[in-house]
1. Scan segment 185-194 and give yes if some residue there is surrounded by fewer than 20 Cβ atoms within 10 Å (Cβ to Cβ) and farther than 22 Å from Leu165 by Cα, otherwise no.
2. Would you mention how many residues in segment 206-227 are under 19 Å from Asn74 (Cα atoms) and touching a residue at least 60 places away in the same chain (Cβ under 8 Å)?
3. Considering only segment 95-122, state which residues are in a helix (DSSP H, G or I), of a type outside the set (Ser, Thr, Tyr) and closer than 12 Å to Phe212 by Cβ.
4. Only one residue in Val132, Val92 is assigned to a loop (DSSP other than H, G, I, E, B), in the same structural domain as Arg237 (by TED's automatic domain parsing) and either aromatic (Phe, Trp, Tyr) or closer than 21 Å to Arg169 by Cβ (or both), so which one is that?
5. Tell me which helices (runs of 4 or more DSSP H) are completely within segment 142-231 and hold 2 or more residues being farther than 30 Å from Gly256 by Cα and of a type in the set (S, T, N, Q), or say none if there are none.
6. Can we say Pro203 is under 14 Å from Ala140 (Cα atoms), over 16 Å from the mean Cα position of the chain (by Cα), free of Cβ contacts under 8 Å to residues at least 60 places away in the same chain and in the same structural domain as Ser144 (by TED's automatic domain parsing)?
7. Between Gly164, Gly168, Gly116, which is outside the structural domain of Leu244 (by TED's automatic domain parsing) and in contact with a helix residue (DSSP H, G or I) (Cβ under 8 Å, 6 or more places away or on another chain)?
8. So, in segment 201-244, exactly how many residues are surrounded by fewer than 18 Cβ atoms within 10 Å (Cβ to Cβ) and of a type in the set (Asp, Glu)?
Amino acid sequence: MTVLDAADFDLFARIVQQDSAIVLERGKEYLVSARLTPVATKAGLPSLAALASRLRSRPTDPIRSDIVEAMTTNETSFFRDIHPFDALAKVVIPEIVSTPRPDRSLNIWAAACSSGQEPYSLGITALESLPVGWQARITATDLSPQMVERTRNGRFSQLEVGRGLSAGRLVQHFQRTGTEWEASPQLRSMILARTLNLAAPLPLMPRFDVVFLRNVLIYFDVATKAAVLGAVRSVLRPGGYLFLGAAETTLGLDAGFERKALGRAMAYQLTQRGGPR
């Protein structure tokens, strides 16, 4: 693998931070080399040094988007870290449906949907947990247009459905299409997939009951973490729940959330008071 020059690493890291707010610190040279070497090869460039040279001479080259795409972490699986989904089914949904609501709808935001396993897991959870007459709407967003398109299509390989999806749920909610499995029309109809950069001002969005923003904040600096949490707070209903990754927290970043244990999961509930710390 090509040895990555320090100045070239800094250039790639700066581009990724400018376009996605993801921070790549020194020590990630091997990861950057592994992810970006295919980008250089696809562009007909002999090395990462040549890729860096092209970007220095053409700072707005469209290949920037390929670099950001390659550096976006897309590791995911169905029902990943099962406890938040259990909390949604056993605590959050019963709490919501016990409160009178004329439209009888549940709004969920999967804020970093990757290739779609999380929003489809949320959709299955809603179908299994909501009483008759209720419906769920799931907004699935990601920085990567490629990942958004995959989510929209709702198609997964045998390997992907084998990671976290039980045989019963697979047969009930998916059908075989060639070598892939496609989500049922009912499940796909619940999910609206769109491209969105969490580090940029949010577009017009509905009010959400639940936000899943897991394993995303760890890639941002403190200022960006606080800004993203503020944006989430602005679209979350009072009393709504935010689910973060195990290594993430709102503590010290935004006082508008209260940390709560929901069974074996930890969530952050939006309070009526509070705001930026």
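The values are calculated or read from the model by the stated rules, or taken from the named source; none is laboratory data. All values reported here derive from a predicted model rather than from experimental measurement. Every residue, glycine among them, receives a Cβ derived from its backbone with ideal geometry; neighbour counts consider all protein chains shown.
1. Yes: segment 185-194 contains one or more residues that are surrounded by fewer than 20 Cβ atoms within 10 Å (Cβ to Cβ) and farther than 22 Å from Leu165 by Cα.
2. Number of matching residues: 8.
3. Gln117, Glu118, Pro119, Leu122
4. Only one candidate passes the filter, namely Val132.
5. 145-153, 185-189
6. On the way: under 14 Å from Ala140 (Cα atoms): yes; over 16 Å from the mean Cα position of the chain (by Cα): yes; free of Cβ contacts under 8 Å to residues at least 60 places away in the same chain: yes; in the same structural domain as Ser144 (by TED's automatic domain parsing): yes.
Considered against the rule, which asks whether it is under 14 Å from Ala140 (Cα atoms), over 16 Å from the mean Cα position of the chain (by Cα), free of Cβ contacts under 8 Å to residues at least 60 places away in the same chain and in the same structural domain as Ser144 (by TED's automatic domain parsing), Pro203 comes out as yes.
7. Only one candidate passes the filter, namely Gly164.
8. Adding up the residues that qualify gives 1.
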